[in-house]
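Everything below concerns the one structure shown next.
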Amino acid sequence: LYKIFTERAHQLLKKNGMAGFVIPSGVYTDLGAKGIRTMLFEHSKIKALYSFENKGHAIFPDVHASYKPILLVFEKGRKTTSFPCAFFLHSADDLEKAIKNPTIIDIDFIKKSSPTSWSVLEIKSAKDYEIVRTLLKHPTLGEKINGAWNIELQSGFHMTNDSNLFQTGKLVGIPLLEGKNIHQFTHKFTESPTPRYKIFEKDIGANLKVDKIYHKGYWMAYRLIGRSTDSRTLISTIVPPGYVCGNSLAIVRLDNLKELCFLTGIINSFVIDFFIRHKVSANVNMFYFLETPVPRISSGKEFDSIVRKVAQLICMTNEFSELKKETGVDHPLANEADRNLARAQLDVMVAKIYGINKSDMEFILQQFPIVDQKQKDLILNQFS
């Protein structure tokens, strides 16, 4: 209802009249509120946008703790070019400090960072703003570029509507992966390594268009459920031929295997995870994924190094024989210490492609409080 009331308030105002609301944060994040944001940006002057966390029901005892109440003030009849804001506030004292020293976000930055939805990134500091602007120098995945590789996205089988197709037991069929089956660089996550369902080949063909058949080749999967408070938000891997998936995973299709490895390395990096955390609270929907800035390189020393590291991390089973051959990887990394080192080296390679230095990376890693400090130190040590 916040959309209806915000629009109605704008209608009722005379020119240069102002409205102030306490409403949910969806007004600046939800794709479905883009129309309201267009109204606020193009036909109003936003005077203030301050967002609180309701953890422990501290502000509104009867509202779920995951909701973020915001203070929004806007003036009718002008146009917004920039506005003062602050996020993750918890008290009146926080608000007073934010008003004295707000973050100023400009509309061009919003449209560049969220070209589809115009959602507002939850920028905490000037350093966040600086790093995000650096990342946005690269094209988003949703931008089609002639002469460069472009991805295709599709959804998996619906876990409710398609459940009549799911087979259990030791039947012949194609295993169906769910979000819990994968983690970064593995489709056999130790917490749930075996898919619980299979689908008959004939049912796959009957329910997918010919140009959407993906299980006969390699594809990238990423978890659609990804909270900004978890140890990692973006979780993806390359899946070998012989698997389909449910709708808790998104399917990313790219014909060139080396480019698929490169993309997986970028998506699993701390740099990109830092970026996506400014957008999501609980779901990495396809709109957010397509708004991720990724350099479209397909050759060169940095490209080859990233491809090789990703292949060493992923090619742990005989299912990846073609990928091993394509990338020239004979010995994948099975030892945990070797894998941790390779991941640290990979994070540094990705950082350097984006122009992120050691100081920037140290700041980025501070935004991941649950991640093991040993891994953070290993990454920072690789810069030298």
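The values are calculated or read from the model by the stated rules, or taken from the named source; none is laboratory data. Everything numeric in this text was worked out from a predicted model, so none of it was measured. Don't worry about glycine lacking a Cβ; one is built from the backbone with ideal geometry, like all the others, and counts go over all protein chains shown. Note: accessible area is taken over every heavy atom of the protein model, side chains too, but ligands, DNA and RNA are not part of it. Shrake-Rupley method; radii C 1.70, N 1.55, O 1.52, S 1.80 Å.
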Exercise. For MET159, are the conditions met, namely being in contact (Cβ under 8 Å) with a residue 24 or more places away in the chain and under 16 Å from the mean Cα position of the chain (by Cα)?
Worked result: no
Exercise. Of HIS10, HIS64, which residue is touching a Ser or Thr at 6+ places or on another chain (Cβ under 9 Å) and not aliphatic (A, V, I, L, M)?
Worked result: HIS10
Seminar exercise, completed: Note on segment 168-197: residues open to solvent by less than 50 Å² (accessible area, probe 1.4 Å) and assigned to a helix (DSSP H, G or I) are GLY179, ASN181
For this session: Search segment 357-383 for residues that are among the charged types (D, E, K, R) and pair each with any residue that is surrounded by 12 or more Cβ atoms within 10 Å (Cβ to Cβ) when their beta-carbon atoms are under 7 Å apart and the residues are at least 6 apart or on different chains.
Result: LYS358/LEU380; LYS358/PHE383; ASP360/ILE131; GLU362/LEU380; LYS376/LEU365
Problem set entry | Failed criterion for ALA311 (all others in (1) among the small types (Gly, Ala, Ser); (2) in contact with a Ser or Thr (Cβ under 8 Å, 6 or more places away or on another chain); (3) in a helix (DSSP H, G or I); (4) surrounded by fewer than 24 Cβ atoms within 10 Å (Cβ to Cβ) hold) | (4)
Exercise. Which residues, counting only those in segment 346-372, are more than 19 Å from the chain's Cα centre (by Cα) and not in a helix (DSSP H, G or I)?
Worked result: GLY355, ASN357, ASP372
For this session: At least 2 residues that are open to solvent by 10 Å² or more (accessible area, probe 1.4 Å) in each: list the helices (runs of 4 or more DSSP H) lying fully within segment 198-306 that qualify.
Result: 201-207, 257-267, 286-290
Exercise. Mind checking whether some residue in segment 329-338 is assigned to a helix (DSSP H, G or I) and in contact (Cβ under 8 Å) with a residue 24 or more places away in the chain?
Worked result: no
For this session: Go through (1) touching a residue at least 60 places away in the same chain (Cβ under 8 Å); (2) surrounded by fewer than 16 Cβ atoms within 10 Å (Cβ to Cβ) and name the single condition LYS325 misses.
Result: (1)
For this session: State all residues of segment 254-312 that are touching an Asp or Glu at 6+ places or on another chain (Cβ under 7 Å), among the polar types (S, T, N, Q) and within 22 Å of GLU362 (Cβ to Cβ); if no residue qualifies, say none.
Result: SER269
Exercise. Yes or no: TRP118 among the aromatic types (Phe, Trp, Tyr) and within 19 Å of VAL284 (Cα to Cα)?
Worked result: yes
Problem set entry | segment 9-59, subset out of contact with any Leu (no Cβ under 7 Å at 6 or more places or on another chain) and of a type in the set (S, T, N, Q), residue nearest to ASN285 (Cα to Cα) | THR29
Exercise. If you scan segment 71-125, which residues turn out to be under 18 Å from the mean Cα position of the chain (by Cα) and of a type in the set (Lys, Arg)?
Worked result: LYS111, LYS112, LYS124
Seminar exercise, completed: With criteria (1) open to solvent by 50 Å² or more (accessible area, probe 1.4 Å); (2) modelled with pLDDT of 95 or more, LYS124 comes up short on (2)
Seminar exercise, completed: Scanning segment 139-165 residue by residue, the ones that are over 19 Å from LYS212 (Cβ atoms), open to solvent by less than 40 Å² (accessible area, probe 1.4 Å) and touching a strand residue (DSSP E or B) at 6+ places or on another chain (Cβ under 9 Å) total 2
For this session: Would you mind telling me which numbered condition in (1) out of contact with any helix residue (DSSP H, G or I) (no Cβ under 9 Å at 6 or more places or on another chain); (2) more than 14 Å from LYS279 (Cα to Cα) LYS124 fails?
Result: (2)
For this session: From MET349, MET361, grab the single residue that is among the hydrophobic types (A, V, I, L, M, F, W, C) and open to solvent by 30 Å² or more (accessible area, probe 1.4 Å).
Result: MET349
Exercise. Residue check: is LYS137 of a type in the set (Lys, Arg) and touching a Pro at 6+ places or on another chain (Cβ under 9 Å)?
Worked result: yes
Problem set entry | Single match in SER66, SER44, SER114 (criterion: of a type in the set (Ser, Thr, Tyr), more than 20 Å from GLU291 (Cβ to Cβ) and open to solvent by less than 30 Å² (accessible area, probe 1.4 Å)) | SER44
Exercise. Restricting to segment 316-348, what's the tally of residues that are over 18 Å from LEU254 (Cα atoms) and in contact with a helix residue (DSSP H, G or I) (Cβ under 8 Å, 6 or more places away or on another chain)?
Worked result: 16
